[in-house]
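Enquirer: Here you go, one structure.
Bear in mind these aren't lab numbers, they're just calculated from the coordinates by the rules spelled out. In this text the structure is predicted, and so the values were computed from the model without any measurement. Cβ atoms come from the backbone with ideal geometry, glycine included; neighbour counts cover every protein chain shown.
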């Protein structure tokens, strides 16, 4: 009986031990599967137990390793794709800003260069970017923008050898250890930080060099061909933008010179008012700048100042050049010239706003002017400015019936008629310029324009 019991007990013990050898690895394996499902990719199952459980554990560990590698690879690919997408978004945003600038014909060259430098600097992570433009002889016009600032700085520097190199190679140049390089990265210009590397890219359109963009970094070996690939699209668009801007400005300058020539030709009809249109244009610019108007507004006012009397082409010579005061019917005839001038200019699309200012330039602030009898702020601002400029130059010019007035008398007339003939706010802003820079001769007006316009 006791022998049978011992045998049963021994059999049970052996069965338990064998069961544990089998079930323990399986339990560990099951636990590992749950951990892996929970996100633990570093789980490991000891490879022990029976041959079958060891093989099973080994297979699991191998699978876990492969899964971890694949997950890491997937995370890396997602990260790379995200970075690429982020770069694409930045590129699209930069392209969008430059494309918008292309459409803005009133944008100055400086502001366009600033937009291009800011946009490309963000794509390259450069600390400083600059744009070099060759315009006259051996000098370069250099515009610089720093990452930490939003102010575009301008320098005129001697032409550098690197400029010739880029022109010759017609492609990007990467420079390292540039302390020993001969380029337009000069200590007196790029003061405030050490520059160790640079990426220089020409802007070329229709095989013509528009200018050169230069990116700088304090880190050596910072720039690579990847930077060039990242900004290639934006660089090409920048070349188009600058080419269009330069072409438009040239066309605009030619147009402006044509207007000045037309105004001068009109002035020759009246021996007493030679140069009057140009003087009104210059004086109107001074008043407009004193009132902090935009460049586009100033340009329109200047055109209107130059052409404000174009309608006199339709006035009879015997009235226009009468050596004395006009009769009532002659005054009414003369008062038609703003309407005639406006009708002449209105069909030209570029002169529509100019036409409007010319039409109203003889309105009075108190409503007693012509041709519509408008008053106060209902009169266009440009017309109110031209009214002051026109009157000042008229008082400062000899006439058949009187000599030019003294500056102090002209000033008194402006103050006396502020609020009646003239806009009192414009007179208030204008008087400090008048007092300091008023010209006593036609030639002196150039100084007046330069000094007052610079303030």
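Enquirer: List the extent of the Cα atoms of region 106-246 along each of their three principal axes, largest first, rounded to whole Å.
Expert: 37, 33, 31
Enquirer: Something else: Starting from 0.36 nm per residue, how many nanometres of slack lie between residue 167 and residue 408 once their C-alpha separation is accounted for?
Expert: Length difference between fully extended and current span is 81.0 nm.
Enquirer: May I pose another question? Run the quick spin-label model on residue 157 and residue 265: label points 7 Å from Cα toward the beta carbon, then report their separation in nm to one decimal.
Expert: So the label points at residue 157 and residue 265 sit 4.6 nm apart.
Enquirer: In nm, to one decimal, how far is the modelled label at residue 327 from the one at residue 147, with both set 7 Å along Cα→Cβ?
Expert: Once both label points are built, they end up 8.0 nm from each other.
Enquirer: Turning to a different aspect of this structure: Between residue 67 and residue 319, what is 0.36 nm times their sequence separation minus the Cα-Cα distance? Round to one decimal in nm. Intermediate results must be reported in sequence, preceding the final value.
Expert: Values: separation 252, 0.36 × 252 = 90.72 nm, distance 9.90 nm.
So the chain would gain 80.8 nm between residue 67 and residue 319.
Enquirer: A follow-up question, please. From the convex hull of the Cα coordinates of region 311-362, what is the mean projected area in square nanometres? Spell out each step's value before the answer.
Expert: On the way: hull surface 14.5 nm².
Its average projected convex-hull area is 3.6 nm².
Enquirer: Moving on to the next point. So how much slack lies between residue 58 and residue 208, counting 0.36 nm per residue of separation and subtracting their Cα-Cα distance, in nm?
Expert: On the way: separation 150, 0.36 × 150 = 54.00 nm, distance 6.75 nm.
The residue 58-residue 208 span can extend by a further 47.2 nm.
Enquirer: Another one. Calculate the FRET efficiency for residue 225 and residue 349 from the Cβ-Cβ distance with a Förster distance of 51 Å, rounded to the nearest 0.05. Could the numbers behind the result be given before it?
Expert: On the way: r = 47 Å, r/R0 = 0.91.
FRET efficiency, residue 225 to residue 349: 0.65.
Enquirer: May I ask you to derive the FRET efficiency for residue 435 and residue 377 from their Cβ-Cβ distance with R0 = 30 Å, giving the value to the nearest 0.05?
Expert: That gives a FRET efficiency of 0.70.
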